[in-house]
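Notes for the one structure printed next.
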Amino acid sequence: MLRFLAAAISLAALVVPAAAQLVAFPPSFKTQEIKANGTTIHVRIGGKGPAVVLLHGYGETGDMWGAMAADLARDHTVVVPDLRGMGLSSRAPGGYDKKTQGADVAGVLDALKIGKVDLVTHDIGNMVGYAFAAQNRDRVTKFVLIDAPLPGVGPWEEILKNPLLWHFRLGGPDMERLVAGRERIYLDRFWNEFSATPSRFTEASRKHYAALYAKPGAMHAGFAQFAAFDQDATDNRAFVAAGKLTMPVLALGGEKSFGLTMAEVMKFAASDVQGAIVPDSGHWIMEENPAATIKLVRAFLDAKP
């Protein structure tokens, strides 16, 4: 997302695949509509073992995690929600601040009778995951955040000056009317500009996500995610003031995007942070280099204390 922040670090030992197709979840996964925190969350659940929650970001849905879920389900119970108002979750009229959405995650886990979890998050999912972790510090054992900053944390004000991030302030009914019927055009801008290699975000994936974001209320919910950033910044500053997260944190950045800046951001909010880079990738790590992303996440989650 922030090319000027990319660090040129080589991880040549990792295999870089050709463009990845949208990977379906294994047939053993089930879907469930879970009422939580005043809304209904669409959730995919599969596997067996310690629980891990995967949270998606803007421009995608929980579907982005198909390949990761298949790998982790070998020895984890994998829980993959669509965030409030996005994908196949219900279009809540409000509650798009990340503190509220953190409570959505807690409600989903309570409904599934799951206590402690590992977290793996991307983009907006980082913000929701951080809010969940900050409010439920005893429930998160390890936390992986991938390629997006946290509002109000560390160099947030400098990050906001990047002209690539003009969409953070785009919203309102007029913007929704401009985008209506042109969702694919709007989303192509994200998939192209935030990729190291745009062709790796395949046509099949673009059609899939564009159709989901064209559903009634979906773009409104997407704009609301960004409109809540000022409140998120206020909430996050309060979370940091209450104390840094103490669970192990892996901060991953795409080589052509946030790079090691992810770790620098998270050091403001967590005390046990290690950084790593997804090589040959921009922001869309599961489309551009899924094998490297899965390898990095798997190694971190499997590591003994």
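Looking at region 3-302, send over the antiparallel percent of its DSSP beta bridges, to the nearest 5.
Working: 12 of 36 bridges.
Taking every DSSP beta bridge with both residues in region 3-302, the antiparallel ones total about 35 percent.
Projecting each Cα onto the charge dipole of the chain (Lys/Arg +1, Asp/Glu -1 at the beta carbon, about the Cα centre), which of Thr202, Leu170, Ile159 comes out farthest on the positive side?
Comparing the listed Cα positions along the dipole, Thr202 ranks first.
Which of the peptides 94-103, 76-85 is most tightly packed, and how do the rest follow, going by the mean number of other Cβ atoms within 10 Å of each residue?
Details: 94-103: 22.6, 76-85: 25.3.
Order by mean packing, descending: 76-85, 94-103.
Counting other beta carbons within 10 Å of each residue's own, what order do Leu212, Leu187 fall into, fewest first?
On the way: Leu212 18, Leu187 23.
The most exposed by this proxy come first: Leu212, Leu187.
Tell me which aspartates and glutamates have Cα within less than 18 Å of Lys30's Cα, excluding those fewer than 8 residues away on the same chain?
Counting by Cα, and skipping residues close in sequence, Lys30 has these aspartates and glutamates nearby: Asp63, Asp71, Asp75, Asp82, Asp110.
Sticking with the crude label model, points 7 Å out along Cα→Cβ, report the distance from Lys207 to Glu193 in nm, one decimal please.
2.6
Considering every Cα-Cα pair within the chain, what fraction, in whole percent, is farther apart than 37 Å? If you can, show how the numbers build up before the last one.
Values: 2395 of 46360 pairs.
Summing the P(r) tail past 37 Å for the chain gives 5 percent.
Would you mind checking the radius of gyration and Dmax of region 95-146 based on alpha-carbon positions, in Å?
10.0, 27
Using 0.36 nm times the number of residues separating Ile185 and Ala238, minus their current alpha carbon distance, what extension gain do you get?
On the way: separation 53, 0.36 × 53 = 19.08 nm, distance 3.74 nm.
Fully extending the segment from Ile185 to Ala238 adds 15.3 nm.
By a straight-distance test (C-alpha under 17 Å), which lysines pair with Lys267 as possible cross-link partners, with residues fewer than eight away in the same chain excluded?
Lys142, Lys244
For Lys35, give me every one of the lysines with a C-alpha distance below 21 angstrom, ignoring sequence neighbours fewer than eight places off in its own chain.
Qualifying lysines at Cα under 21 Å: Lys98, Lys99, Lys113, Lys116, Lys215.
Since every read-out is calculated from the coordinates, none of them should be taken as a lab result. Predicted model, so just to flag it, every value in this text is computed and none were measured. Note: ideal-geometry Cβ built from the backbone for every residue, glycine included; neighbour counts use all protein chains shown.
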